[in-house]
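Reviewing the structure listed below.
The values are calculated or read from the model by the stated rules, or taken from the named source; none is laboratory data. This one's a predicted model, so the numbers in the text were calculated from it and none came from an experiment. No Cβ is skipped: glycine too gets one built from the backbone with ideal geometry, and neighbour counts run over all protein chains shown.
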Amino acid sequence: MITPKALKAATAAAVLLSLLTPALAAGDAPVIERRAWSFSGINGKFDRAQLQRGFQIYKDVCAACHGLKRINFRNLSEPGGPEFPVDSVKALAASWPNQIFDGPNDAGEIADRRGRVIKRPALLSDPILGPYDNDKAATTANNGALPPDLSLITKSRTGAAEFHGPVWAHPLAMLKDMATGYQEGGTDYVYALLTGYGEVPQYRRSPSGQLVPAASAGAGPVEKCVTITKGEAGKPDVCNALQEGMNYNSVFAGHQIAMIRPFTDGALKYQDGSPATTGQYAQDIAAFLTWAGDPKLEERKDMGRRVLLYLLITSLLLYFAKKRLWSKLH
C-alpha cells in the first residue's frame with residue numbers, strides 16, 4: 001500500500017525528472033539561436049516582400065526536390081500571404097513543371113495510345129506539387145532518400161530549438177515563451193540548418209589517443225570527424241568520418257545530411273535589391289515556409305486579440321455586476 005508520504009516523494013521525483021529531462025537531453029544537441037522575426041509575438045505579421053523572396057527561393061531552388069502539396073496556387077494571391085497578382089499566379093500554375101494527373105479522361109483512359117500518362121496544366125485550385133509523381137520515384141531519384149514535403153516542415157521541427165540553460169532556469173524559460181507566444185522554433189531550426197553547412201571538423205590525436213581540435217593540438221596526422229565516440233576504459237577515441245554521399249551540417253542530427261548545400265552567396269539575385277547572401281536566402285525561405293505551415297497566422301492572431309479584448313470587457317462587466325448585486329447584502 002502506497003502511503004501519502006511515499007506518494008508525495010514520487011510526485012516530487014517525477015516533477016524533478018520532467019525539469020531535468022529537457023536540459024539533459026540538450027547536452028549533445030546543437031544550440032539553435034533564436035532570431036527576430038516580423039511574425040513573432042501576439043502582434044506579429046508577415047513581411048510581404050520577404051514572403052515573395054522566399055517563394056522565389058522555393059521555386060528556383062527547393063522545388064527541384066521538394067513539394068508544397070498542402071498549399072494551393074491560389075493561396076499565393078490571398079491576403080495574409082505573398083499576395084502576388086492573381087494573373088501572375090494563374091500563369092505560374094499553368095507553366096508549373098509537374099502537371100496535374102486527375103485520373104481517367106472523358107473516354108475512361110488513364111493513358112494515351114502511346115502509354116503516356118494524361119496530365120493537364122495546374123489551375124489556381126491545384127496544389128503546388130514537387131517534381132516527382134510518387135514517393136517511389138522520389139526515392140529512386142535521390143539514392144533511396146525521400147525528400148520531405150515542405151508544407152509543414154517548420155511545424156514538425158518546432159521542438160528542435162531546445163533549452164540549453166541551467167535546470168533551475170527551465171521553468172522560467174517556459175513561462176517566458178508562454179508570455180511572449182514563442183512559436184518560431186521550427187523557423188529558427190530551418191534557418192540554422194540552411195546556414196549550418198561547412199567543412200568537416202579536423203582533429204589530431206593526443207598521446208593518450210584522445211581526439212582534440214587540430215588548431216589546438218601539435219603536429220601529427222589530421223583526422224576529419226563529423227562526430228567522436230569517446231573511448232572507454234582508456235581506449236582511444238573513435239573518429240566517425242563523413243559517409244559517402246553525405247554532407248556535413250553542424251545543426252542536423254548526427255551532422256550528416258543527404259541534402260547538398262542548397263545555395264551559396266550570389267546564387268540568386270533579388271529584384272528588390274535585397275542582399276544576395278546565404279543568410280538572407282535562409283531567412284527568406286524560412287519565413288515563407290512558416291507561412292506555408294500556417295497561412296492563417298495573421299487572421300488567427302487578429303481573432304485572438306479580439307477574444308482577449310472580449311474576455312477583458314466581459315470580466316469587467318461581471319465584476320461590476322457582482323459588486324452591484326452583492327452590495328445590497330452587506
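Of the residues in region 99-111, not one is assigned to a helix (DSSP H, G or I) and either within 26 Å of the chain's Cα centre (by Cα) or loosely packed, with under 11 Cβ neighbours inside 10 Å (or both). Scanning region 47-78 for residues that are farther than 18 Å from Ser151 by Cα and out of contact with any Pro (no Cβ under 7 Å at 6 or more places or on another chain) returns Asp47, Ala49.
Looking only at residues in region 171-195 that are in contact with a Phe, Trp or Tyr (Cβ under 7 Å, 6 or more places away or on another chain) and either crowded, with 19+ Cβ neighbours inside 10 Å or not assigned by TED's automatic domain parsing to the domain that holds Gly41 (or both), which one is farthest from Thr278 (Cα to Cα)?
Of everything passing the filter in region 171-195, Glu184 is farthest from Thr278 (Cα to Cα).
When each of Ser125, Ser88, Ser156, Ser95 is tested for being touching a strand residue (DSSP E or B) at 6+ places or on another chain (Cβ under 7 Å) and on the phi < 0 side of the Ramachandran plot, the lone residue that passes is Ser125. Selection of region 263-276 for residues being surrounded by 15 or more Cβ atoms within 10 Å (Cβ to Cβ) and of a type in the set (S, T, N, Q) yields only Ser274. Within region 285-292, identify whether any single residue is at pLDDT below 95, in the same structural domain as Trp37 (by TED's automatic domain parsing) and among the β-branched types (Val, Ile, Thr), and answer yes or no. Looking for residues that are at pLDDT below 95, in the same structural domain as Trp37 (by TED's automatic domain parsing) and among the β-branched types (Val, Ile, Thr), one finds none in region 285-292, hence no.
Among the residues of region 140-151, the one identified as crowded, with 16+ Cβ neighbours inside 10 Å and either on the phi > 0 side of the Ramachandran plot or hydrophobic (A, V, I, L, M, F, W, C) (or both) is Leu150. Can you say whether Ala161 is in the same structural domain as Ile57 (by TED's automatic domain parsing), surrounded by 16 or more Cβ atoms within 10 Å (Cβ to Cβ) and in contact with an Asp or Glu (Cβ under 6 Å, 6 or more places away or on another chain), as far as the supplied structure shows? So Ala161 fits the description; yes.
The combined condition, being modelled with pLDDT of 85 or more and farther than 29 Å from Leu297 by Cα, is fulfilled by Asp133. Per the listing Ala282, Ala287, the residue uniquely outside any loop (DSSP other than H, G, I, E, B), touching a residue at least 24 places away in the same chain (Cβ under 8 Å) and in contact with a Phe, Trp or Tyr (Cβ under 6 Å, 6 or more places away or on another chain) is Ala282.
Residue count for region 116-165, restricted to those that are part of a loop (DSSP other than H, G, I, E, B), in contact (Cβ under 8 Å) with a residue 12 or more places away in the chain and not acidic (Asp, Glu): 24. Go through the residues of region 227-234 one by one and say whether even a single one is surrounded by fewer than 11 Cβ atoms within 10 Å (Cβ to Cβ), acidic (Asp, Glu) and either under 26 Å from Thr290 (Cα atoms) or within 23 Å of the chain's Cα centre (by Cα) (or both). No, region 227-234 has no match at all. Screening Trp168 on (1) surrounded by 15 or more Cβ atoms within 10 Å (Cβ to Cβ); (2) aromatic (Phe, Trp, Tyr); (3) part of a helix (DSSP H, G or I) shows it passes everything except condition (1).
Any chance region 132-139 includes a residue that's loosely packed, with under 15 Cβ neighbours inside 10 Å, under 19 Å from Tyr58 (Cα atoms) and assigned by TED's automatic domain parsing to the domain that holds Ile71?
Yes, that holds for at least one residue.
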